[in-house]
Amino acid sequence: MNEGILLVLSAPSGCGKTTILRQVMAELPSLAFSVSHTTRQPRPGEVNGRDYHFVSVEQFKAIRDSTPSGFLEWAEVHGNFYGTARQEVESRLAAGIDVILDIDVQGAEQVRRNAAPVTVFIAPPSLAELERRLRGRGTESEESLLRRLANAEKEMQAADSYTYLIVNDHLEQAILALKSVIIAERCRQRQIL
Ligand code: ADP
Ligand code: 5GP
C-alpha cells in the first residue's frame with residue numbers, strides 16, 4: 001500500500017484558505033485535516049478539537065520539548081505558538097490516508113526538510129484586497145490585523161518555494177484549482193513499496 005500524500009497549504013492570514021479548504025474537504029473524500037495546537041485564543045464559533053487544540057503556553061512547550069518532540073513542526077506566528085502533532089500525521093500517512101496541513105511558511109520549510117510534501121501557496125489578488133477581507137471577517141483587533149498584514153508581505157516572498165501557486169481571486173475557481181491539484185497528485189505514478 002502507498003503511504004498517504006502529505007499536503008501543505010500556506011497563505012497569508014485572511015486570504016481565504018479556511019473558506020477554500022472547507023469546501024474542498026466537503027467535496028473530496030478521504031482527506032484528513034491535521035488539527036494544529038495553538039496558544040491563541042479561540043475566535044467566536046471555533047471549536048476546540050475541530051479547528052484547533054487550544055492549549056496554554058506551558059502545555060505547548062511540554063509537547064514541543066518532549067523527546068522526540070511531539071511536534072512534526074512548530075512556529076511562532078503573529079505572536080502565538082502553533083504546532084502540528086507528529087503522531088496524528090504519521091499514523092494517518094502510514095495508513096494510506098492523505099493529510100492536509102494548514103501551516104505558515106516557517107512550518108512548511110521545516111516539513112520540507114524532513115519529508116517530501118506537496119506544497120500549495122494561496123495568494124490574495126492584492127494586499128489591498130487582503131486587507132478588505134481581513135477587515136470584513138471582523139475577527140481581529142486593529143493591532144492583530146496590522147501585524148497580519150505586515151507578515152503577509154514577508155510570507156508572499158516565500159511563495160516561490162511552493163510546488164503550486166493558487167491566486168484566490170474568484171472563490172469558485174480557487175476551490176476548483178485546489179481540488180484539481182489534489183486529484184492530479186493522487187494520479188501521480190508513485191513507487192509501490
Ligand atoms: P484565512 O483562513 O486565509 O485566514 P478566511 O477563509 O477566514 O481566511 O477568509 C477571510 C475572509 O475573506 C472571509 O470573510 C471570507 O468569507 C472572505 N473570502 C474568502 N475568499 C474570498 C474570495 N475569493 N472573494 C471574496 N472574499 C473571500
Ligand atoms: P490563524 O490564527 O489565522 O488561525 O492562523 C495564523 C497562521 O498560523 C496561519 O498562517 C496558519 O496557517 C498558521 N498555522 C496554523 N496552524 C499551524 C501549525 O500547526 N504550524 C504552523 N507553523 N503554522 C500554523
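The values are calculated or read from the model by the stated rules, or taken from the named source; none is laboratory data. All of these numbers come straight from a predicted model, not from anything done at the bench. As a convention, Cβ positions derive from the backbone with ideal geometry for all residues, glycine included, and neighbour counts pool all protein chains shown. The accessibility values were calculated without ligands, DNA or RNA, using every heavy atom of the protein model including side chains. Shrake-Rupley method; radii C 1.70, N 1.55, O 1.52, S 1.80 Å.
So which residues in region 24-57 are basic (K, R) and within 13 Å of ligand 1 (Cβ to nearest atom)? Don't jump to the end; show me each part of the working.
Residues of region 24-57 that are basic (K, R), as a first pass: 40, 43, 50.
Across region 24-57, the qualifying residues are R40, R43.
Considering the conditions (1) within 22 Å of R147 (Cα to Cα); (2) in contact with a strand residue (DSSP E or B) (Cβ under 6 Å, 6 or more places away or on another chain); (3) not in a strand (DSSP E or B), Q41 is excluded by exactly one of them, (2). Taken together, the residues in region 118-130 that are more than 11 Å from ligand 1 (Cβ to nearest atom) and either open to solvent by 20 Å² or more (accessible area, probe 1.4 Å) or of a type in the set (A, V, I, L, M, F, W, C) (or both) amount to 6.
In region 118-164, what residues are small (G, A, S) and within 14 Å of ligand 2 (Cβ to nearest atom)? Quick ask: steps written out before the conclusion?
Here is the first cut: in region 118-164, the residues small (G, A, S) are 123, 126, 128, 136, 138, 141, 144, 150, 152, 158-159, 161.
If the condition is that a residue be small (G, A, S) and within 14 Å of ligand 2 (Cβ to nearest atom), then A123, G138, S141, S144, A150, A152, A158, A159 are the ones that fit.
Taken residue by residue, region 67-78 has no member that is under 17 Å from S34 (Cα atoms), in a loop (DSSP other than H, G, I, E, B) and touching a residue at least 60 places away in the same chain (Cβ under 8 Å).
Exactly one residue out of D98, D102, D51 is under 22 Å from R148 (Cα atoms), of a type in the set (D, E, K, R) and touching a strand residue (DSSP E or B) at 6+ places or on another chain (Cβ under 6 Å), and it is D102.
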